[in-house]
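Read the structure below first, then the notes.
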């Protein structure tokens, strides 16, 4: 992995997340290759005794067997199974031993749309609309064929390009049919971003105190924002 991506992912997730928008994530698998232009991401911090405590993060209560990858070296993926329904994909941030990561919430399929559609049809009776192929974390993981088996896998640095889709195509042709996962960063203004609280996160972590959801404006692939309900203690 070259210094560009590694140095970026050493930073805290709220600094990393908006810079990932527009990047292309490529997952090459035996069943086909899919490339996803990232349009919506969320940042997650660390344990309650860290420099970036985050009550909405899996890391908040410390390292466990399930979240160990979030404390691993940057430039790897953390994949978890949620609600007994689907997987979700994160990029690990911060130096090794410091918990943090960026959840990939949504994206536009720019390579392998037929492959992504077939994967999404596995538990559907009809094909989803193109814009919803990878809208929402579960659909992202299914379209890319990422599961817990990929937890901790290295993320190849595919460079930075003004046209990350074209660069991704070149890498797919160059690498052939090997199994790999990589990212092409986009050269784009970091200021052109929609920022909100995280969607669907319960408790304090889903409030405006954590404005760590980032999306590209005007993108039909971005999932709807759902404000979380803050849990209140019952009083007598």
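Please enumerate the residues belonging to segment 34-72 that are in a strand (DSSP E or B) and buried (at least 22 other Cβ atoms within 10 Å of the Cβ).
Keep residues of segment 34-72 that are in a strand (DSSP E or B), which gives 34-44, 46, 53.
Hits for segment 34-72 are 34, 35, 36, 37, 38, 39, 40, 41, 42, 43, 44, 46.
Name the residues in segment 168-210 that are assigned to a strand (DSSP E or B) and in contact with a helix residue (DSSP H, G or I) (Cβ under 6 Å, 6 or more places away or on another chain), would you?
Scanning segment 168-210 gives 184, 186.
Out of all the residues in segment 10-29, is one or more more than 16 Å from the chain's Cα centre (by Cα), free of Cβ contacts under 8 Å to residues at least 12 places away in the same chain and surrounded by fewer than 20 Cβ atoms within 10 Å (Cβ to Cβ)?
Looking for residues that are more than 16 Å from the chain's Cα centre (by Cα), free of Cβ contacts under 8 Å to residues at least 12 places away in the same chain and surrounded by fewer than 20 Cβ atoms within 10 Å (Cβ to Cβ), one finds none in segment 10-29, hence no.
Scan segment 48-58 for residues that are under 20 Å from residue 88 (Cα atoms) and over 16 Å from the mean Cα position of the chain (by Cα) and jot them down.
Passing the criteria: 54, 55.
Can you tell me which condition residue 143 does not meet? The list is (1) touching a strand residue (DSSP E or B) at 6+ places or on another chain (Cβ under 8 Å); (2) surrounded by fewer than 24 Cβ atoms within 10 Å (Cβ to Cβ); (3) assigned to a helix (DSSP H, G or I), and all the others hold.
In the conditions (1) touching a strand residue (DSSP E or B) at 6+ places or on another chain (Cβ under 8 Å); (2) surrounded by fewer than 24 Cβ atoms within 10 Å (Cβ to Cβ); (3) assigned to a helix (DSSP H, G or I), residue 143 misses (2) alone.
Among the residues of segment 104-128, count how many are touching a strand residue (DSSP E or B) at 6+ places or on another chain (Cβ under 6 Å), part of a helix (DSSP H, G or I) and closer than 23 Å to residue 216 by Cα.
Number satisfying all stated conditions: 1.
Just to be sure before I move on: is residue 91 part of a strand (DSSP E or B) and at pLDDT below 95 in the structure I sent?
No, not satisfied.
The values are calculated or read from the model by the stated rules, or taken from the named source; none is laboratory data. What you are looking at is a predicted structure, and each value in this text was computed from that prediction instead of being measured. Quick reminder, even Gly has a Cβ in these numbers, built from the backbone with ideal geometry, and neighbours come from all protein chains shown.
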